[in-house]
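Input: a single structure, listed below in structure tokens.
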Amino acid sequence: MSKNLGTLEETVLLIVAVIEKEAYGYTVSEEYYKNIGQRISISAVHTVLKRLEKKGYIHSEMGGATKERGGRKKRIFKVTKLGFTTLESIQEARMKLWGMMPKYYTS
Amino acid sequence: MHKPPPRWANRFLEWYCASHLIDEIQGDLREAHFHRQKELGSTKAGLWFIWDVIKFFRPSSFSKYQTNSNQLKMFKDHIKLGFRIFRRNKVYSSINLSGLVLGITCCLLISLHVIGELSYDNFHPDNTYRVVMDMFKKNELSGRSTPVYPSVGIALNEDFPEVQDFTRILPFGDGVYSVQNEDGQLIRFNEAKGVYADQNFFSMFGFELLKGNPDEVLSEPDHIVLSESAAKRYFGDADPVGKNISFRGRQTLVVSGVMQDYPKNSHLQFDMITSLRSMDQFDEWKNNWGWYDFYTYIRVDPQTDMTLFSEKIDRLLLEKKKEINERLGTTQRLWLQHVPDIHLYSEGMSWDMGENGGSDQVYFLSAIAFLILIIAWVNFINLSTARAVKRSKEVGIRKVVGVEKRQLIIQFLTEAFLYNFFAVIIAIGFVLIAIPLISNAIDLSIDPYLLLSKEILIGIVVLIFGGSLLSGLYPAFVLTSFKPVIVLKGSFYSRKASFGFRQLLVIFQFTISIILILGTILVVKQLRYMQNQSLGLDVKQTLVLRGPSSSRGENDLANRQELLQTQLEQNSIVKGFTVSSNIPGEENFWIGGFFTRESEGSNSCYIIAVDENFFNQFEIDLVAGRNFSEDLQSDTASVILNKEALKLFGFSSAEAALGEVLNPGRRREWKVVGVVENYHQATLREELDPMAFFLSTGSNNFYSIKLNTNDYRSVVASIEDQWDKIYPDNPFDFFFLDEFFNRQYKSDIQFNAVFISFAGLAIFVACLGLFGLVSFTVEQAKKEIGIRKVLGASVTKIMLLLGKDYAKLIIGSMIIAFPLSFWLMTKWLEDFAYQTSIGMGIFILGGFFVILVALITVSVKSLNVSKTNPAITLREE
């Protein structure tokens, strides 16, 4: 499987990294809506999370159950070391590019 | 208050979701539902929940994925392998696939046609029947009439509580209709789909009325309902309701409604329906038991026991017409046709509406479709088994490695499935391409939308799965039954393998192909025979004008006809001009009952009114007596009979009939003045009809003009000129008689084309099968051939050696096919009144053709092998 990150994958990875609460399907989807302004279905989030996990950017473990969840456990995701470094290198590359932006665009 | 999400959706989720995923998926969804409910309310949250559940319904969530993953993987593997094997030997695989594709294409095309035919009249209220009548003369069937007496409907309705309603259609609404438009222009058309009908016409049938009240549009005299396209012809886009339209120049009708154009699959096809009350001298015709021109439809109470009811109806006319029947020696029996059956099961009915009949053809085509499909499958079996040798090592290795037999079978079935599946897909593409071609070539329209009909969709699924099983099972068992030890050692099967299943299959294929080929030759021969047979009259170079029907007064048309005749006779290109009430190739509705001094009872005989030029111009020979003469006033009471009519009336010879009187003692007596040779009024499918010719007075339906030029275009233009001056109120409507006559063979020509193409396909597919078998044998005999060559056998010798085996098969199938096809051909010919002989020629020609084709097929492969350098074949080991 390719290690490339798609835009959606990158965004979700970021959300998992920055989220204060536990990161799982529902919270990620909510956070996505709050910060990006677009709805994303939970099934899509699950797909992306699964893919990220397969690529090794995040890892997961089962968390506690709550009443709202009808007694079902959560699968909580955390960003791995590889995930962080990848995010950082993407950010670095972006900054470098931004630095090269001609002045008349930014002014 | 929190409400749980929709239960069924939740259950559905629990049903499909894998157990190791249920926690996260259901948990997340329920949590989302919980929060959404606060924001959006429970209904919207519920909908969201359902939507999410549906979105999660995908393979990755399924539990089977985990538990059966091994088998699924195997299946994937089989599919992948199937594709690889297909690619490894493209020629082989394509032959295999194309056989299937052709078979399925034929099968689909024919099914579409058949379903189209079966769908006729399926949109009317159920329990609607047509009342038809068998007529007997001295207890012998003399005719089967679709129209009946006007009183039949009334009597049925009054006497039988089972009858809920009836309607009658009188087919006399043809002729010129005209409308004066706003610019003072006369819009005029010759209409051929005009009828009169009772007022409840629209409640009996499922035809849509776009404008007007269905119960009222036909209730008043002089009211007419137009079809959408007819309304457009006369009134353009304006609303026609309430406007006037003139019929035959003398009757003004008011448009009371507009009906949707009739669907193609209706045996009734009307453009103009006038209320029956508009007929001259309208009457209920309550006691009219003689005038059988009324198509009568009844609606029967759904509770009715139809067998019992049919028996009652059968006897109705025996009682009602007792007196007349006893005097004339005739009887009539009524029976019922369920409306959806009319289209297919009206073979042999006279004066029918629409082109009905042809159930035989439908069955025939279905049988052919089925046979071709079987041939294609047989072919697949043959070729797949032939591959067995090449694949025996693969199977051997797999077995050694430990693959179970069951899995091998599944593997081969999967391959068969792939072939069948793709064959169906490609075939559907071919069908879509073929439909417009077919409708262009033989004017046979097939509705491609029927591909989406339930019957076809189910059929396709059955075809794919049933076909896979049928065609995959045998090869699967043969291939898997190889003993690995023997196979891997390298030697198995000799060329002289026993007379096996595959040989039987080839014989089967060729038997069918031979039957189809012989059939084709016969069909062509019969059509040619019919078209070359002397009709007893000359229809060449004859231009026919449809007679004018729009008149200004009593004798107006007769006067104008005379004017046209004098003008045309001055035209140098006109060799002759004759008028008549009917022409060859047009169904004759005019029938009269006649008796002679000697005859018992009355005899029905066709009537044609002609002028004195008719026999001369059509070159109908006078056998005895004389022609009509313009100068003899008395000839208006004369009749000329044809030879069939002589037989009908029981005259011993033509001379004996001269001077005899028809209907002596009646108000109108007819003196026989001449006898003419028979001629064919219809195709050679039909018997000759008895005909009585009367001298025409007044106007006529057909004006036939004999031309002495081949420059038809300018002739037509100049005649049209003259016509328009004399008949500004009648449209100029012409056709050429020979074309008109031959159009009757349209269905025969269609049948011909269909038969030829399918027979061609069948033999092609059968040859593919033969090719497969040859390859199979040759593949095994490679070494034998190599050794023979090393020892000095020539290429010819080896070819002969190989060919011998197949010659036996072909000859075997001929032995089966010849008597079988002789029987079938005799059966088929029984439909024709005039039959060509079957003859030895067909068998010789057909047999020769089959042998030739088979020989070529066999030699292609065997030549290839016999020419191979033995060093190459013997090196492998």
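Here are some notes:
- Boolean, residue B:683 is within 37 Å of the chain's Cα centre (by Cα), assigned by TED's automatic domain parsing to the domain that holds residue B:553 and polar (S, T, N, Q): yes
- The condition (being among the aliphatic types (A, V, I, L, M) and either modelled with pLDDT of 80 or more or under 30 Å from residue B:824 (Cα atoms) (or both)) is satisfied by just one residue among B:488, B:505, B:479: B:505.
- Count of segment A:17-36 residues which are in a helix (DSSP H, G or I), among the small types (Gly, Ala, Ser) and either within 13 Å of chain B (Cβ to nearest Cβ) or under 14 Å from residue B:25 (Cβ atoms) (or both): 2
- None of B:866, B:821, B:862, B:837 is of a type in the set (Ser, Thr, Tyr) and under 13 Å from residue B:517 (Cβ atoms) except B:821.
- Just one of the listed residues (B:152, B:114) is more than 27 Å from the chain's Cα centre (by Cα) and either assigned to a helix (DSSP H, G or I) or free of Cβ contacts under 8 Å to residues at least 24 places away in the same chain (or both), and it is B:152.
- Answer from B:75, B:62, B:86 - the residue that is more than 13 Å from every other protein chain (Cβ to nearest Cβ), within 27 Å of residue A:22 (Cα to Cα) and modelled with pLDDT under 85: B:62
- Strands (runs of 3 or more DSSP E) lying entirely in segment B:655-743 (those with 2 or more residues that are within 24 Å of residue B:575 (Cα to Cα) and of a type in the set (Ser, Thr, Tyr)): B:702-707
- Positions within segment B:469-487 being within 36 Å of the chain's Cα centre (by Cα) and buried (at least 22 other Cβ atoms within 10 Å of the Cβ), in sequence order: B:471, B:472
- Residue list for segment A:37-60, filter: out of contact with any Lys or Arg (no Cβ under 7 Å at 6 or more places or on another chain), within 21 Å of residue B:29 (Cβ to Cβ) and either more than 13 Å from every other protein chain (Cβ to nearest Cβ) or not in a helix (DSSP H, G or I) (or both): A:38, A:39, A:40, A:52
- Cross-chain or 6+ apart pairs with Cβ under 8 Å, segment A:52-65 first and farther than 17 Å from residue A:14 by Cβ and touching a residue at least 40 places away in the same chain (Cβ under 8 Å), then hydrophobic (A, V, I, L, M, F, W, C) and part of a strand (DSSP E or B): A:63/A:76
- Taking segment B:684-719 as the range and being over 29 Å from residue B:563 (Cβ atoms), surrounded by 22 or more Cβ atoms within 10 Å (Cβ to Cβ) and not aliphatic (A, V, I, L, M) as the test, no residue passes.
- For segment B:26-58, a residue qualifies if it is at the interface with chain A (Cβ under 7 Å from one of its Cβ atoms) and either under 57 Å from the mean Cα position of the chain (by Cα) or surrounded by fewer than 18 Cβ atoms within 10 Å (Cβ to Cβ) (or both), and the qualifying residues are B:52, B:55, B:56.
- Residue in segment A:62-71 that is in contact with a helix residue (DSSP H, G or I) (Cβ under 7 Å, 6 or more places away or on another chain), of a type outside the set (Lys, Arg), surrounded by 16 or more Cβ atoms within 10 Å (Cβ to Cβ) and more than 10 Å from chain B (Cβ to nearest Cβ) present: no
- Test result for residue A:81, under 30 Å from residue B:29 (Cα atoms) and within 11 Å of chain B (Cβ to nearest Cβ): no
- Verdict on residue B:274 being in the same structural domain as residue B:259 (by TED's automatic domain parsing), in a helix (DSSP H, G or I) and either in contact with a Gly (Cβ under 9 Å, 6 or more places away or on another chain) or surrounded by fewer than 21 Cβ atoms within 10 Å (Cβ to Cβ) (or both): no
- Per-region count, segment B:277-312, residues touching a residue at least 40 places away in the same chain (Cβ under 8 Å) and either of a type in the set (D, E, K, R) or not assigned by TED's automatic domain parsing to the domain that holds residue B:212 (or both): 7
The values are calculated or read from the model by the stated rules, or taken from the named source; none is laboratory data. Model, not experiment: these values are computed from the prediction. Backbone-built Cβ (ideal geometry, glycine too); neighbour counts: all protein chains shown.
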